[in-house]
Amino acid sequence: MIDPPEHTAVRHLLLDGFRAQDRQALHHGLEHQARDMLARLARLSSFDFVGELAEPLALRFVTAFLGVPAPDPAWFVPMSRAIVDGMDAGLWPEKHEPAVAARAELAQFTGGWLADPPENGLVAHVAQEAAGTDVQPDVLRNSLRVVLHAGYESVSRLLGNAAVAMLTTTGAAAAFRSAPRAAAVDELIRYDAPVQADARVCVTDTELAGVTVRAGDPVTLFLGAANHDPLRFAHPTELRLDRAPNPHLGFGRGAHACLGASMAIRLTGTVLGILAGEYPDARAVAEPEHRRNLTLRGLDRFEVSLRPRQTGRRN
Ligand code: HEM
């Protein structure tokens, strides 16, 4: 909610903290966990990709990175959903107040990390370094709240959306195996982006396609529509996992561009690489069910099987 120059100090503090982490070690740990989870789920005749893989893995991912214990999902998940619902309050005003309350409760929780910081991870770094900056405590705990929330919601939604694209598009697994991995993940983001809209405030009177936007006007940017702009992308409705160049806006642009992009791309590439490389029988067994959100796009449920057909019942 703040812009440069006020935003610059906290952005740099977090950016330095991101860079200070041993991302290689973190990633290897997560790769093991993803492999173990998939091996366990492969014993079932089918499972919910969202609830049993994408969401728990995203929570482990972001909390390992922060260096904090994972919150109890029974407490955290409903609060996280209330915050996401609040992003659509322009259409559903009743979603606003619960989101404000959830954000405050979550910021109180992340403030607790700063009061008693862990020894490692992003929180340890910023707790130690914040004193030498002019970042205010409320800005810091709210920014950590955003890292926790964005990391969990965006990553779990990306994993789910990408799994749907992979498992419902003919030939996608083979194409994924042969395409450069980062390019394939970029295309999955472009194709079905978890963040569909972003907000800005216009700083100077601007004429755009015959419409005047006045300084101070709020503007909603439809990133998901931009990602399917036929003037920018050939055959935008097709999933082309080797698409290059791919100037999608899935991570935003400019001063507020996503801080977690590189880690999210790597994790998603690894999970889908295991799926495409080690589970040739992976398939959807039911239509994906979407959550009723507009700003963030993602799934409620996606029933998947990793086993060959006709192998019997869930056990
Ligand atoms: C490790 C996981 C992630 C973390 C920790 C994270 C964190 C953040 C943070 C802190 C910001 C605000 C930056 C600022 O205002 O300076 C942000 C912005 C954003 N993130 Fe992420 N994010 C993650 C994953 C993702 C994923 C998977 C996507 C979608 C594919 C995504 C899309 C965005 C977008 C669209 C913005 C807004 C950019 C803008 O306003 O220009 N993020 N992210």
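The values are calculated or read from the model by the stated rules, or taken from the named source; none is laboratory data. Every value quoted in this text rests on a predicted model; they were computed, and no experiment measured them. In this analysis, Cβ positions are derived from the backbone assuming ideal geometry, glycine residues included, and neighbour counts consider all displayed protein chains. Accessible surface is based on the protein model in full, side chains and every heavy atom, while ligands, DNA and RNA are left aside. Shrake-Rupley method; radii C 1.70, N 1.55, O 1.52, S 1.80 Å.
Ordered from largest to smallest accessible area (heavy atoms of protein chains, 1.4 Å probe), the residues I2, I189 come out as I2, I189.
Between the DSSP loop rule and a limit of at most 10 other Cβ atoms within 10 Å, which trypsin sites (Lys or Arg not before Pro) in segment 251-315 are left?
Working: sites: R253, R266, R283, R291, R292, R297, R301, R309, R313, R314; in loops: R253, R291, R292, R297, R309, R313, R314.
In loop regions of segment 251-315 (DSSP not H, G, I, E or B), the sparsely surrounded trypsin sites (Lys or Arg not before Pro) are R292, R309, R313, R314.
Placing a pseudo-label 7 Å from each Cα along the Cα-to-Cβ vector at F222 and V203 gives an inter-label distance of 2.6 nm.
Could you order H96, H32, H228 by accessible surface area, starting with the largest, using a probe radius of 1.4 Å? Walk me through the numbers on the way to the answer.
On the way: H96 85, H32 125, H228 60 Å².
From most accessible down to least: H32, H96, H228.
For I2 and R214, the difference between the fully extended length at 0.36 nm per residue and the C-alpha to C-alpha distance is 74.4 nm. For segment 72-193, the spread of Cα coordinates along the three principal axes comes to 51, 38, 27 Å, biggest extent given first.
With 16 Å as the cut-off, how large is the P(r) tail for segment 222-264, expressed as percent of Cα-Cα pairs?
Values: 386 of 903 pairs.
Tail of the P(r) past 16 Å holds 43 percent of the pairs.
The modelled label-to-label distance for the pair D281/A20, using points 7 Å beyond Cα in the direction of Cβ, is 4.8 nm. When only Cα pairs below 8 angstrom with a gap of at least 6 residues are kept, the chain shows a relative contact order of 25 percent. Note on the chain: helix-only mean residue ellipticity at 222 nm, from DSSP H runs of 4+ residues weighted -39500 (n - 2.57) and normalised by residue number, equals -16500 deg cm²/dmol. Springs join every pair of Cα atoms under 10 Å in this Gaussian network model of the chain, and among A163, A284, A54 the largest mean-square fluctuation is at A284.
At q = 0.20, 0.21, 0.23, 0.26 Å⁻¹ the log10 of I(q)/I(0) for segment 219-297 amounts to -1.32, -1.37, -1.38, -1.31, computed by Debye summation with a single uniform scatterer per C-alpha, solvent ignored.
Estimate the FRET efficiency between A131 and A234 by the formula 1/(1 + (r/R0)^6), using the beta-carbon distance for r and 45 Å for R0, to the nearest 0.05. Write down the numbers at each step before the final one.
On the way: r = 51 Å, r/R0 = 1.14.
About 0.30, to the nearest 0.05.
When the Cα positions of A25, G111, T168 are compared along the charge dipole of the chain, T168 comes out farthest toward the positive end, with charges on each C-beta of Lys, Arg, Asp and Glu. Between A174 and H28, the FRET efficiency estimated from the beta carbon spacing at R0 = 25 angstrom works out to 0.40. One Cα centroid belongs to segment 84-154, the other to segment 182-242; the line between them spans 26 Å. A straight chain from L44 to D300 at 0.36 nm per residue would run longer than the Cα-Cα distance by 90.2 nm.
Can you give the Kirkwood hydrodynamic radius of segment 54-110 from its Cα pairs, in Å with one decimal? Walk me through the numbers on the way to the answer.
Details: mean 1/r = 0.0826 Å⁻¹.
After inverting the mean inverse Cα-Cα distance, the result is 12.1 Å.
The C-alpha radius of gyration of the chain, expressed as a fraction of 2.2 N^0.38 Å, stands at 1.03.
Given a Förster radius of 30 Å and the C-beta distance between H12 and A104 as r, what FRET efficiency does 1/(1 + (r/R0)^6) yield to the nearest 0.05? FRET efficiency, H12 to A104: 0.70. For segment 172-315, the normalised intensity computed at q = 0.12 Å⁻¹ comes to -0.63 (log10 of I(q)/I(0), Debye sum over alpha carbons, equal scatterers, no solvent). Computed with a 1.4 Å probe over protein heavy atoms only, the accessible surface of the chain comes to 51 Å² per residue.
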